[in-house]
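The values are calculated or read from the model by the stated rules, or taken from the named source; none is laboratory data. No experiment lies behind these values; they were computed from the predicted model shown. Using ideal geometry, Cβ is built from the backbone for each residue, glycine included, and neighbour counts are taken over all protein chains shown.
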Amino acid sequence: MPFDYDLDFDHIDFREKPELYRVGRGEQGVLMVEPYKSEILPHWRFKTPDIAKTSSEKIYKMFLEYKKKDDFVGMDMARKFIQMGYTRARRYANYKGGKKYDKSGELNERDINDEKAESAAIFEKKWIIVREDEEYLKAKKEHQKKYG
């Protein structure tokens, strides 16, 4: 089931109402689902490899804490932030200033930034661990079966 953008995100606590949460594709809803956004976002950084390492490890620890509490929505949101760490760092690695397109909508020329590419690789390693976690996959399947 696709992510439901029609929900009143300003007034829903998804920890209290996990039945309203839809996984969606990729990073959908990552900056909308509370209280998880407010818990995870302050730790999400990728400017340098050292910062990306600290960030990805902190968010991964949060993933494990959510898992320990059987909080699938928290696990999935941590996964989304880790995935977004990879995709955003990769975008900045490929394009100066992270701008893939110019003002006229044309694709900018790639300008590889090795530091950002290293940051992306750090997040990618954690993303692979999280997305292949057996308990996460089981909880995801159960959530989708139960709520859509």
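Laid out as a table, the results:
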{"quantity": "Residues located in the range 1-60, provided they are in a loop (DSSP other than H, G, I, E, B), in contact with an Asp or Glu (Cβ under 8 Å, 6 or more places away or on another chain) and of a type in the set (A, V, I, L, M, F, W, C)", "calculated": "I12, F14, V23"}
{"quantity": "Filtered residues of the range 94-148 (kept if among the hydrophobic types (A, V, I, L, M, F, W, C) and either closer than 17 Å to R79 by Cα or at pLDDT 95 or above (or both))", "calculated": "A117, A120, A121, I122, F123, W127, I128, I129, V130, L137, A139"}
{"quantity": "Any chance K145 is surrounded by 15 or more Cβ atoms within 10 Å (Cβ to Cβ), in a helix (DSSP H, G or I) and free of Cβ contacts under 8 Å to residues at least 24 places away in the same chain", "calculated": "no"}
{"quantity": "Candidates R15, R25, R45 - the one that is modelled with pLDDT under 95 and over 10 Å from the mean Cα position of the chain (by Cα)", "calculated": "R25"}
{"quantity": "Out of K99, K80, K116, K103, sole residue that is surrounded by 11 or more Cβ atoms within 10 Å (Cβ to Cβ) and without any contact (Cβ under 8 Å) to a residue 12 or more places away in the chain", "calculated": "K99"}
{"quantity": "Restricting the range 27-77 to residues that are over 29 Å from K146 (Cβ atoms) and among the hydrophobic types (A, V, I, L, M, F, W, C), the residue that is surrounded by the fewest Cβ atoms within 10 Å (Cβ to Cβ)", "calculated": "I51"}
{"quantity": "Among residues of the range 69-127, those that are part of a helix (DSSP H, G or I) and at positive phi, counted", "calculated": "2"}
